[in-house]
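Worksheet for the structure shown next.
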Amino acid sequence: MEIDKKALWEKCAAFHGHACPGLTIGYRAALYAIELLGIEFSKDEQVACITENDACGVDAIQVILGCSVGKGNLLFHMTGKQAFSCYNRANGTSVRLVLKNKTASMSREETFRYYHDCNNNEMFDAKQVRIDLPERARIFDSYICECCGESAAANWIRIQEGRKLCIDCYQSYDRFRV
């Protein structure tokens with residue numbers, strides 16, 4: 001199936017709110033992942049992505065790959081790196097795409113054009129993933145916090161002095177806190 005890259009780019013820019021070099025990074029990473037893994041837009045959790053940043057490019061990952069926090073197939077492993085680990089659940093393949101360094105003296109406009117025009121292997125290092133494929137999203141029972149009265153998923157409830165508390169109401173214990 002031929003991808004209409006211009007229409008896809010316009011859809012990414014509309015979702016993000018503007019066109020910028022950062023959005024281009026995610027756009028190119030998503031297209032490269034499609035090429036390397038044989039994936040397409042994920043209607044459920046067939047495709048998963050672990051992003052190592054929360055920058056502009058993540059919006060393109062959502063638009064093109066169909067990965068989202070709500071579906072549970074977009075996860076954040078915050079390292080501050082422009083890196084995206086993509087997984088194809090159907091065949092077990094995966095790749096970690098890491099943005100290569102560019103010439104530091106490029107202007108914003110030059111960077112934008114460079115990211116659009118360079119080859120995939122000039123832009124990204126394609127590496128083995130560092131994190132195993134995450135399990136599919138789970139659905140948890142909810143409990144009422146006995147302090148604030150708000151409902152929270154069971155995996156976020158803590159027991160303190162015999163009471164079920166949400167993360168906000170729970171007073172963590174750390175003997176090394178300054």
ask   = For the subset of the stretch 49-63 comprising residues that are touching a Leu at 6+ places or on another chain (Cβ under 6 Å) and within 22 Å of Gly92 (Cα to Cα), which member is surrounded by the fewest Cβ atoms within 10 Å (Cβ to Cβ)?
value = Ile50
remark   = Just one listed residue, out of Ile50, Ile61, Ile39, Ile25, is within 20 Å of Met123 (Cβ to Cβ), in contact with a Ser or Thr (Cβ under 6 Å, 6 or more places away or on another chain) and assigned by TED's automatic domain parsing to the domain that holds Lys102, and it is Ile50
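Considering the stretch 151-178 alone, what residues qualify as being part of a loop (DSSP other than H, G, I, E, B) and surrounded by 12 or more Cβ atoms within 10 Å (Cβ to Cβ)? Before the answer, list the steps.
Start the filter on the stretch 151-178 by keeping residues that are part of a loop (DSSP other than H, G, I, E, B), which leaves 157, 161-162, 166-178.
Passing the criteria: Ile157, Cys166, Cys169, Tyr170.
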query = Where residues in the stretch 1-48 are part of a helix (DSSP H, G or I) and of a type in the set (Lys, Arg), which of them is surrounded by the most Cβ atoms within 10 Å (Cβ to Cβ)?
reply = Arg28
ask   = Assuming Tyr143 fulfils every condition listed in (1) in a strand (DSSP E or B); (2) assigned by TED's automatic domain parsing to the domain that holds Ala33; (3) without any contact (Cβ under 8 Å) to a residue 60 or more places away in the chain; (4) farther than 20 Å from Pro21 by Cα apart from one, which condition is it?
value = (2)
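Considering only residues that are in a loop (DSSP other than H, G, I, E, B) and touching a residue at least 12 places away in the same chain (Cβ under 8 Å), look in the stretch 125-137 and name the one that is surrounded by the fewest Cβ atoms within 10 Å (Cβ to Cβ). First the steps, then the outcome.
Quick first cut of the stretch 125-137, residues in a loop (DSSP other than H, G, I, E, B) only: 128-137.
Subsequent filtering for residues that are touching a residue at least 12 places away in the same chain (Cβ under 8 Å) retains 128-131, 133-134, 136-137.
Working: Gln128: 8, Val129: 16, Arg130: 12, Ile131: 13, Leu133: 15, Pro134: 16, Arg136: 12, Ala137: 15.
Among those that are in a loop (DSSP other than H, G, I, E, B) and touching a residue at least 12 places away in the same chain (Cβ under 8 Å), it is Gln128.
Whether any residue in the stretch 59-75 is assigned to a strand (DSSP E or B) and of a type outside the set (Lys, Arg) is what I want to check.
To start, the set of residues in the stretch 59-75 that are assigned to a strand (DSSP E or B) comprises 74-75.
Now restrict to residues that are of a type outside the set (Lys, Arg): 74-75.
There is at least one residue in the stretch 59-75 that is assigned to a strand (DSSP E or B) and of a type outside the set (Lys, Arg).
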inquiry  = Just the residues that are in contact (Cβ under 8 Å) with a residue 12 or more places away in the chain, within 24 Å of Thr24 (Cα to Cα) and among the small types (Gly, Ala, Ser), please, taken from the stretch 88-124.
reply    = Ser94
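The values are calculated or read from the model by the stated rules, or taken from the named source; none is laboratory data. Note that the structure is predicted; figures quoted are calculated from it, not measured. Note that we place each Cβ from the backbone using ideal geometry, even for glycine, and neighbour counts take in every protein chain shown.
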